[in-house]
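Novice: Please read through the structure below; I'll follow up with questions.
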Amino acid sequence: MIKIIRIALISMCCALLMMPFQVFAHTHHQESPIPKAKPNVQTGEKNTLQKLIDATEPGGTLLLEGRTYRGTVIISKPITIKGSKDTKIASLDSAITISNTNNVVIEDLMIQAENIAIIGEKVDSLQLKNIQVEQRKAGIQLTNSSGITLKNVDITGEEGHFSTKGHAIAIYKSKGVQAADCDIWRVMDGFYLEQVDNITLKTNSIKEGRYAVHLMYSDNVEVTTNKLESNMTGLMIMVANNVSIYENQITKNNTLNSLGVYLYDDEDVDFHENLLSENTVAMSIENTQKMEVSNNEFSTNGTAIQAKKSETLQLVDNQFFGNILTMRTDQKGVQLHHNFYDDYAGKDYDGDGIGDTKYIATNSFGQWMVRKPVYQYFIETPSVVILNLMDTEVTDGDTAIQIDESPIVMKKNTSRDISINVWQLGCSLVVLIAILFARRKLR
Amino acid sequence: MKLWKWLCLLLFVFLLTACGEKAYKPREINPETDVCHICNMSVTSIDYAAQVVLKNNDIVVFDDLGCLMEYIKQNGEQEIGAAYIRDMNSSNWLDIKDASYVYSADYWTPMNYGVLAFASEQEAKEYMKENPGEIVPYENLLTFNWGVHEHE
Amino acid sequence: MSTQMILLEYKQLLRSRWIQIVTILFAIVFTAILMIQHLAMPDTTGFTRQTASLLNILLFLLPLFMLTIGSMNIASDKESGWLGLLRTYPLNMGNYVLTKYIAFCLVFSGIFLFVVTIAFLVGSFFGGIKLPLFAIGITAIIILIFNALSIFVGSIAKSRLHALALGLGVWSVVTLVWNYIVMAIGTITAEHVLQKIVILSIHMNPLEWIRYGYFVFSKQTAVLGPALYGVSKFYTSYVGFLFFLFISLMWIAFSLLGAKIILTIRGKRG
């Protein structure tokens, strides 16, 4: 009797396993460049994910096993999908498509898709947590959605030049995006947000992409405590309103045409307490109004600030050191006030912490570079260094130059240990004695 | 000695400028190095790229037709030898004065300006059958309200 | 050419007061730059103002020392009659030129070693300093190319004063005037023309050549802007590297060969 029941159960399971084959025939995304003829290879592998999703009631929770699910799935109802250790979705096309639904939660998954890993359209309240994506064509692409939460989403692209890759997280025409703790590496744009309202990006780390964060036509933006390193450009914010950027580390964005931060046609920007270091150009501002840049550290960049058509830009209480060029601007200039410059040569005889003479931030070579980029070849050549020395002596009376009337003279504390490096001392002494000995011999 | 060097270099310059004076030929876009002159975005979507060949044969590259128009607005046309935009269908370069333009807020372009160029009005109409939009004559492009600059 | 001859030249050079002053001056400046970098700047790897000033010290001072010392040394050999004396021996002028060249290179390598040792000695009291590897490579190339050039300049000069004037002239053209001319031309030409002139000037001016080499080998050509992208791509390739070596060797070979020919012709005439 028990035997019969067992046989019946097994055959039922087999029948269930055969069914999903029909489901995948029509799930290809329209834009897919992947040949559609490619079959879902199912070499004895069970593929029950879509079935499992279909079997879960709306609003229910689906727990996945720690194995690889192959194929493409479509989600069109409220659902929570939770993976466990080693749960992986592999697809020759897009992996997960979510559309026309609300309250979708996806957690603890690895995704490997030849096309886009996750596509979402018209989703209200979508949460993606602890997800790892091996990006081929693109990572996550969401359109016309709202209430999007991305937490600990790690996306890794392949090797190669960024111009051949897709965006990691692209969101279009949506409202309310919160992204935190995402690690993104080797993609085109880390975050590409177009026409999105209410954005918070927090403690993300984005490396070796084209633009780490690229916002267009987006309002009410908060970007904080992110690490943007070795991209072509760290922050690229275009045509945005009410932007707040603070406590980010924007470093080593120093490839061709690189900028640490680029703002184009923005309004109402608050930029404070960021670290910008080792970028080709730390900050480039164009056509931006109502912007205040305060308490930031600009260290060892090629050019610290570059500004065009942004005469209301306020730079207050920032520290500039080790930059080759502090500033270059167009005729309109910017407002400099109460910053620290390590190449300020003036003195503070009245001891109020503010230099007694003004600081001139621009030089004519920098202005040439704006006009003809080829001049960049001459950056810090001996001839240009000498030119700059003469330059600062004679620029008085020129209207295009940028001046800080009240530069700070207090030096930032650089804590360097004054200890004796015995090994180096010994070695150099030995070599020195050897040199002097040889010198005597050769007399 | 120095004078001689000067003369040599000047001669060199004249030779270079003299070569190919009349033909304003478009050049290939290099997505690894080219950035838009106006908005500074790298030109990775090369099928939407535009370029201006100046009368001194310098080439200025743009990522979107809207940026090219902004350039013309800022600098005028007297320096411009020719201006080119990609044909949506063939990706060939079209002289901007010969192209037909279609606009829709739903068309995607790198700067989201939503204006596409076609070799002929025929092709433009063909495209509009599937993707509704409106024909924009070239003369209107200069006064066109580019993009969705809400706060301008 | 023999080791003995080289040693003799070496000893004579070390006795020169001018070389001693130059060594001390160079040691002070070099140590100062390294110490400022060490004390005031955070550790960085890219092309910063401090890296630039270290590079500029090497590119600016070393050629000055070499061009003046080398050319004056050759000219003084002429003036003192030493060269005339040498000519009475069965000695090829090429031999003389090569001996001088090797001796100069050795002397300047010795000076650089001394200067670096002093810098390290001072630095060791402040927790130890690091010398960027590029500084050594750049110095080696400067020593090899500019000593050859200085011998060439010396062979042209008629007297020590003439040699000094010529050396300073060449130095100022190579370091300053050249770039100013190129920049000035840039203000009146189209940008694509300027780009070609810049590329040409890199190949025509040994100092620009060495500076460009620094950017290529430290993989920082991005600093120089997109204009040089194509050229830099070539020089970072394997073939490009060989071509780089070839051009560098041409500078040395042509300078030494030129010096030999001029000295031989003058010797026959005089």
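Novice: Look at segment A:55-106 and say how many of its residues are outside any strand (DSSP E or B), open to solvent by 50 Å² or more (accessible area, probe 1.4 Å) and β-branched (Val, Ile, Thr).
Specialist: Residues that pass the stated criteria total 0.
Novice: With respect to A:Leu315, determine if the residue is away from chain C (no Cβ under 14 Å), of a type outside the set (Phe, Trp, Tyr), buried (at least 16 other Cβ atoms within 10 Å of the Cβ) and touching a strand residue (DSSP E or B) at 6+ places or on another chain (Cβ under 9 Å).
Specialist: Criteria met by A:Leu315.
Novice: Has segment C:43-50 got any residue that is without any contact (Cβ under 8 Å) to a residue 24 or more places away in the chain and either over 29 Å from C:Trp209 (Cβ atoms) or aromatic (Phe, Trp, Tyr) (or both)?
Specialist: yes
Novice: Taking the condition of being open to solvent by 40 Å² or more (accessible area, probe 1.4 Å), over 23 Å from C:Asn95 (Cβ atoms) and in contact (Cβ under 8 Å) with a residue 12 or more places away in the chain, how many residues in segment C:1-24 meet it?
Specialist: Selection size over segment C:1-24: 1.
Novice: Shifting gears a bit: Just to be sure, is C:Ala119 in a helix (DSSP H, G or I), open to solvent by less than 40 Å² (accessible area, probe 1.4 Å), hydrophobic (A, V, I, L, M, F, W, C) and on the phi < 0 side of the Ramachandran plot?
Specialist: Answer is yes for this residue.
Novice: Please work out which residue is nearest to the other protein chains (Cβ to nearest Cβ), limiting yourself to segment A:120-160 and to residues that are open to solvent by 40 Å² or more (accessible area, probe 1.4 Å) and within 16 Å of the chain's Cα centre (by Cα).
Specialist: So the residue we want is A:Thr156.
Novice: Can I ask one more? Have a look at B:Tyr107, B:Tyr103 and point out the one that is farther than 20 Å from B:Asp34 by Cα, touching a strand residue (DSSP E or B) at 6+ places or on another chain (Cβ under 6 Å) and open to solvent by 50 Å² or more (accessible area, probe 1.4 Å).
Specialist: Answer to the selection: B:Tyr103.
Novice: Considering only segment C:65-83, I want to know if a residue exists there that is touching an Asp or Glu at 6+ places or on another chain (Cβ under 7 Å), in a helix (DSSP H, G or I) and open to solvent by less than 20 Å² (accessible area, probe 1.4 Å).
Specialist: yes
Novice: If you don't mind, another one. Name the single residue, out of those in segment B:32-87 being assigned to a loop (DSSP other than H, G, I, E, B) and within 23 Å of C:Thr187 (Cβ to Cβ), that is farthest from the other protein chains (Cβ to nearest Cβ).
Specialist: B:Gly76
Novice: Filter segment A:167-197 for residues that are open to solvent by less than 10 Å² (accessible area, probe 1.4 Å) and farther than 21 Å from A:Ser125 by Cα and give the result.
Specialist: Hits for segment A:167-197 are A:Ile184, A:Val187, A:Asp189, A:Gly190.
Novice: Of the numbered conditions (1) open to solvent by 30 Å² or more (accessible area, probe 1.4 Å); (2) at pLDDT 85 or above, A:Ser383 satisfies every one except a single condition; which is it?
Specialist: With respect to (1) open to solvent by 30 Å² or more (accessible area, probe 1.4 Å); (2) at pLDDT 85 or above, A:Ser383 is out only on (1).
Novice: Let me ask another. Output the residues belonging to segment C:200-223 that are open to solvent by less than 20 Å² (accessible area, probe 1.4 Å) and under 18 Å from C:Ser172 (Cα atoms).
Specialist: Listed by number, the residues that qualify are C:Ser201, C:Ile202, C:Asn205, C:Pro206, C:Leu207, C:Glu208, C:Trp209, C:Ile210, C:Arg211.
Novice: A follow-up question, please. Residue check, C:Pro90 against (1) buried (at least 16 other Cβ atoms within 10 Å of the Cβ); (2) not in a helix (DSSP H, G or I), all met but one. Which one?
Specialist: (1)
Novice: Please state which one of C:Thr51, C:Thr99 is within 11 Å of chain A (Cβ to nearest Cβ), among the hydroxyl-bearing types (Ser, Thr, Tyr) and assigned to a helix (DSSP H, G or I).
Specialist: C:Thr51
Novice: What do you reckon, is C:Leu106 assigned to a helix (DSSP H, G or I) and open to solvent by 10 Å² or more (accessible area, probe 1.4 Å)?
Specialist: Yes; evaluated as a whole, the condition is true for this residue.
Novice: Kindly indicate whether A:Asp343 is more than 27 Å from the chain's Cα centre (by Cα) and open to solvent by 20 Å² or more (accessible area, probe 1.4 Å).
Specialist: yes
Novice: Right, here's the next one. Looking at segment C:31-43, can you tell me whether even one residue there is out of contact with any helix residue (DSSP H, G or I) (no Cβ under 7 Å at 6 or more places or on another chain), surrounded by fewer than 18 Cβ atoms within 10 Å (Cβ to Cβ) and outside any helix (DSSP H, G or I)?
Specialist: Yes: segment C:31-43 contains one or more residues that are out of contact with any helix residue (DSSP H, G or I) (no Cβ under 7 Å at 6 or more places or on another chain), surrounded by fewer than 18 Cβ atoms within 10 Å (Cβ to Cβ) and outside any helix (DSSP H, G or I).
Novice: Quick one: in segment A:346-380, of everything that is acidic (Asp, Glu) and surrounded by fewer than 22 Cβ atoms within 10 Å (Cβ to Cβ), which residue is nearest to the other protein chains (Cβ to nearest Cβ)?
Specialist: Within segment A:346-380, the match that is nearest to the other protein chains (Cβ to nearest Cβ) is A:Asp348.
The values are calculated or read from the model by the stated rules, or taken from the named source; none is laboratory data. Just so it is clear, the structure is predicted and the values come from calculations on it, not from any experiment. For neighbour counting, all protein chains shown are included, and Cβ atoms are generated from backbone atoms with ideal geometry for every residue, glycine included. Ligands, DNA and RNA are stripped out before the accessible areas are found, and what is left, the full protein with its side chains, is counted by its heavy atoms. Shrake-Rupley method; radii C 1.70, N 1.55, O 1.52, S 1.80 Å.
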